[in-house]
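These notes are about the structure you will find just below.
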């Protein structure tokens, strides 16, 4: 065999060897063991015809949990009725207001292209870009939509000031000129970082209490944010991200605001990068909604039916190797949809959560925020005023009630 033929054979052998290496293993070797982990998310919902954009730039601010050396961004058209065209998208370190840190701006691409068309019901994950993302920091993500969008996929309760431009593409602007501000996120559903080896994510699945209703805007005082702060401060848990899959008005068994929890579990939990733990705080809206004025008796549920729904979440998460922690339902006497029947069911569900052993661990939010003198109500110092949602101090008490050892 001559030299030329030997070189050809050697090349074919090398190509075959590389082809036989699992893609994940090859990527892990190339990146030194780092892995993709969700550091932020917002559960997508259907928007309205009031929120239609055309030839405009949206600059949206998100708060990370863990950090990493590379980042990728997820855009969702889950509830779009037509294709979404993103003409340009950028990510940068947020500075102040609509400004970004100089030289941190990175243009995002999609399979190498600067723009992308996302079909109805689909999502698109950008190509990774090199960017040192610090833990517990703010990123500015800017998207330009050249054509009329139709009602958007969005997350209404962002509790974060975001910026909308007049006509034009300002995705790379150091300080974006804007016409007005909003507190929602549009099409933006997730941010992943390439984190250090051993990093993983905790998903907090819940309703408005998890979504942060009645907490102070622009301060990231939702209980998942405050849990993330505690985890980052502890060397034994600093590798854990916390992402918020709360939707205000969400229920376990019926749609209300957004799909029910069982319907959205795959998209909002199981599909997230690097998920190792799931925290579930759902059910209070299932108990309360049938007792809203004008809704009495509609979609009434039993405690057994809600427990069966929780068991479904546990089984489906366990099938993906995810540990599940159950949270007791917080008190709500005095809320607009409180009822004695609902309170009886809440007590039964909490008893099951505490004693059944069905969960991998229990987080007793009820005990953390209730008034010892009247356990059916919030401690006054933790009540935001509507007797349903905790205030900032109450949300901190919830985060502080979580034993970090369950994640070790």
Just to be sure I understand the model, the point goes 7 Å from the Cα along the line to the Cβ. What's the resulting residue 234 to residue 85 distance in nm? 5.0
Run through the DSSP bridge list for the chain and note the antiparallel percent, rounded to the nearest 5. 75
Which whole-angstrom value gives the distance between the alpha carbon centres of the range 87-117 and the range 270-337? 37
Compute a Gaussian network model of the chain, connecting alpha carbons closer than 10 Å, and tell me which residue from 334, 198, 294 fluctuates the most. 294
Using r as the Cβ-Cβ distance of residue 308 and residue 51, and R0 as 41 Å, what FRET efficiency do you calculate, to the nearest 0.05? 0.65
What the Cα atoms of the range 165-266 span along the principal axes, largest first and in whole Å, is 44, 39, 27
On a 0 to 90° scale, report how tilted helix 223-233 is relative to the longest principal axis of the chain, with both axes built from alpha carbons and the result rounded to the nearest 10. 60
In degrees, nearest 10, range 0 to 90: what is the angle between the Cα axis of helix 3-20 and the longest Cα principal axis of the chain? 0
Rounded, prolate or oblate: which fits the range 199-407 when a ≥ b ≥ c are the square roots of the eigenvalues of the alpha-carbon gyration tensor, with rounded for a/c under 1.5 and prolate only if a/b beats b/c? oblate
Pick from 194, 282, 34: which is most flexible by mean-square fluctuation in a GNM of the chain where alpha carbon atoms under 10 Å apart are linked? 34
How far, in degrees from 0 to 90, does helix 340-355 lean away from the longest principal axis of the Cα atoms of the chain, to the nearest 10? 60
So between residue 292 and residue 386, what do we pick up on full extension, going 0.36 nm a residue minus the alpha carbon distance? 32.4 nm
Simple SL model, points at 7 angstrom along Cα→Cβ for residue 319 and residue 360; separation in nm is 1.7
Could you line up 343, 179 from fewest to most neighbouring Cβ atoms inside 10 Å? 179, 343
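The numbers here are math on the coordinates, done by the rules we state, and not lab data. What you see is a predicted model, and the numbers here were worked out from it, not measured in a lab. All Cβ positions, glycine included, derive from the backbone under ideal geometry; neighbour counts span all protein chains shown.
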